[in-house]
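S.K.: Quick one: the structure is below, and I'll ask about it shortly.
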Amino acid sequence: MNNLLESWDNIVQAWADKKIILFLDYDGTLTPITQSPSQAALSQENRELIEHLVKIPLYQVVVISGRTLAEVKRMVGVEGVLYIGNHGWEIEGSAMHFESLIPVQVSSMMEKIKYELITQLCDIQGAFVEDKGVTLSVHYRMVAQDKEFLVRRIFEHICMPYRRQNMIKVHAGKKVLELRPPVEWDKGKAALWLLRKQEILKGKGNVLPVYIGDDTTDEDAFEALKNKGITALVGAPRKFSAARYYLAGPQEVTELLKHLLNGAYEKL
């Protein structure tokens, strides 16, 4: 796995005369991972770079996150960005809106699971359940290390009966356990959905997706876009990642945004 910035000269040739869909994960990519999700504020520098990029017709900037759509829109707050929340379940921006159709019985089941999780985790300091509407997340980043196993055990105990009947899907991230409806939909499916919409407008072969993310949930997108565009893992290279490139951390993501901005100006 090569560093994306070090391979820049070769990459520039790949996106000549193409519309670029720039997918940017939020936590751990545009911002460093923080102990509490509420502390992960977008830097003024990155916000200004995104504001410049959205004004350039060459790019469609997409911020894709496990956060709810409302939350990621509030955290970024840049007009012209297409926002994807809830790992692809919510999409909104520039005359585009996607709503997942979740049966009422699934919503009722998720509400029941949420109550069970809150009830059994309430005595573990630092653990909390986030209701994202379509999905549920159990966060334990602020839990004492010797109590983390207890959070996972309680989570597994509650979820196992539903998993055995294929009523839910479970995904693990960085100190977070996530519950989703049993529907084949994720960040990768959402990225492909958006790519196809752009290919209808621009023509197949005239659109290049660039996906930047750091978490295990981004692997779905890395895999989906493996032979279709440029993918980069943020953080130390992982042997089994489907990403083609890596960026050492959020600071190199900022450098990438600068490269993209300068590259666009060179084409004008």
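The values are calculated or read from the model by the stated rules, or taken from the named source; none is laboratory data. Everything numeric here is computed off the predicted structure, so don't read it as measured data. Positions of Cβ are backbone-derived with ideal geometry, glycine not excepted, and every protein chain shown enters the neighbour counts. Surface areas here come from the heavy atoms of the whole protein model, side chains and all, with no ligands, DNA or RNA. Shrake-Rupley method; radii C 1.70, N 1.55, O 1.52, S 1.80 Å.
S.K.: Considering only Ala248, Ile158, Gly235, whose Cα is most displaced toward the positive end of the charge dipole of region 146-268, charges sitting on Cβ of Lys, Arg (+1) and Asp, Glu (-1)?
M.R.: Ile158
S.K.: Take every DSSP beta bridge whose two residues both sit in the chain, then give the antiparallel share in percent to the nearest 5. Walk me through the numbers before you get to the answer.
M.R.: Values: 20 of 45 bridges.
Taking every DSSP beta bridge within the chain, about 45 percent pair in antiparallel fashion.
S.K.: Amide H of Val234: which non-local residues (sequence gap of 5 or more, or other chain) have their own amide H closer than 5 Å, using H built in the peptide plane?
M.R.: The answer is Gly213, Asp214, Leu247.
S.K.: Compute the FRET efficiency between Met109 and Ala70 as 1/(1 + (r/R0)^6), taking r as their Cβ-Cβ distance and R0 = 22 Å, and round to the nearest 0.05. The partial results should precede the final answer.
M.R.: On the way: r = 23 Å, r/R0 = 1.04.
Efficiency for this residue pair is about 0.45.
S.K.: To continue, here is another question. Note down the magnitude of the dipole of the chain about its Cα centre, charges +1 on Lys and Arg C-beta and -1 on Asp and Glu C-beta and zero elsewhere, to the nearest 20 debye.
M.R.: 620 debye
S.K.: Here is a follow-up. By DSSP, what percent of the beta bridges with both residues in region 156-263 are antiparallel, rounded to the nearest 5? Can you show the working numbers first?
M.R.: Numbers: 5 of 12 bridges.
Bridges in region 156-263 that DSSP calls antiparallel: roughly 40 percent.
S.K.: Under 12 Å from the Cβ of Leu53, count the other residues' Cβ atoms, weight Lys and Arg +1, Asp and Glu -1, and hand me the total. Let's see the in-between values first.
M.R.: Details: positive: Arg47, Lys55, Lys258; negative: Glu48, Glu51.
It works out to a net charge of +1.
S.K.: Tally up the carbon and sulfur contribution to the accessible surface of the chain as a whole percent, 1.4 Å probe, everything protein left in place. Provide the component values of the computation, followed by the final result.
M.R.: Values: 6570 of 13080 Å².
Carbon with sulfur: 50 percent of the solvent-accessible area.
S.K.: So how much slack lies between Ile124 and Asn3, counting 0.36 nm per residue of separation and subtracting their Cα-Cα distance, in nm?
M.R.: 39.5 nm
S.K.: Still on this structure, I have one more. Which of rounded, prolate or oblate describes region 164-247 when judged by the alpha-carbon gyration tensor and an a/c cut-off of 1.5?
M.R.: Values: a/c = 2.89, a/b = 1.28, b/c = 2.25.
Because a/c hits 1.5 or more and a/b fails to exceed b/c, region 164-247 counts as oblate.
S.K.: Give the accessible surface of the chain per residue, rounded to a whole number of Å², with probe radius 1.4 Å and ligands, DNA and RNA excluded.
M.R.: On the way: 13080 Å² over 268 residues.
Computed with neighbouring chains in place, this is 49 Å² per residue.
S.K.: What does the helix-only formula give at 222 nm for the chain: each DSSP H stretch with n ≥ 4 adding -39500 (n - 2.57), the total divided by the residues, and the result rounded to the nearest 500 deg cm²/dmol?
M.R.: On the way: 8 runs with 101 residues, N = 268.
Estimated from H runs of four or more residues: -12000 deg cm²/dmol.
S.K.: Net charge within 13 Å of Gln35 by Cβ-Cβ distance, Lys/Arg positive one each and Asp/Glu negative one each, not counting Gln35 itself?
M.R.: Spelling it out: positives minus negatives among the neighbours equals +2.
S.K.: If the only charges are +1 at each Lys and Arg Cβ and -1 at each Asp and Glu Cβ, what is the size of the charge dipole of region 102-220 around the Cα centre, to the nearest 20 debye?
M.R.: Details: 19 positive and 17 negative charges, 72 e Å.
That gives region 102-220 a dipole magnitude of about 340 debye.
S.K.: So, one more: Using a Förster distance of 25 Å, how high is the FRET efficiency between Asn262 and Lys204, based on the Cβ-Cβ distance and rounded to 0.05? List each step's numbers first, then the result.
M.R.: Working: r = 28 Å, r/R0 = 1.13.
Once rounded, the FRET efficiency stands at 0.35.
S.K.: Once the piece of chain linking Lys18 and Arg163 is laid out straight, how much longer is it, given 0.36 nm per residue of separation minus the C-alpha distance between them?
M.R.: Values: separation 145, 0.36 × 145 = 52.20 nm, distance 4.27 nm.
Roughly 47.9 nm would be gained on extension.
S.K.: Could you order the peptides 27-33, 118-124, 232-238 from most to least packed, using the average number of other C-beta atoms within 10 Å per residue? Walk me through the intermediate numbers first.
M.R.: Values: 27-33: 21.3, 118-124: 14.1, 232-238: 18.9.
Going from most to least packed, we get 27-33, 232-238, 118-124.
S.K.: Do any chymotrypsin sites (Phe, Trp or Tyr not before Pro) in region 1-49 lie in a loop, going by DSSP, with at most 14 other beta-carbon atoms within 10 Å of their beta carbon, and if so which?
M.R.: Sites meeting the loop and neighbour criteria: none at all.
S.K.: Packing-wise, with mean Cβ within 10 Å as the measure, how do 185-194, 106-115 rank, highest first? Show your work: numbers first, answer last.
M.R.: Numbers: 185-194: 21.4, 106-115: 14.8.
Final packing ranking: 185-194, 106-115.
S.K.: A further question on this structure: Kindly provide the chymotrypsin sites (Phe, Trp or Tyr not before Pro) of region 214-268 that DSSP labels as loop, not H, G, I, E or B, and whose Cβ sees at most 14 other Cβ atoms within 10 Å. The partial results should precede the final answer.
M.R.: Numbers: sites: Phe222, Phe240, Tyr245, Tyr246, Tyr265; in loops: Phe240.
Within region 214-268, the qualifying chymotrypsin sites (Phe, Trp or Tyr not before Pro) (loop, at most 14 other Cβ atoms within 10 Å) are Phe240.
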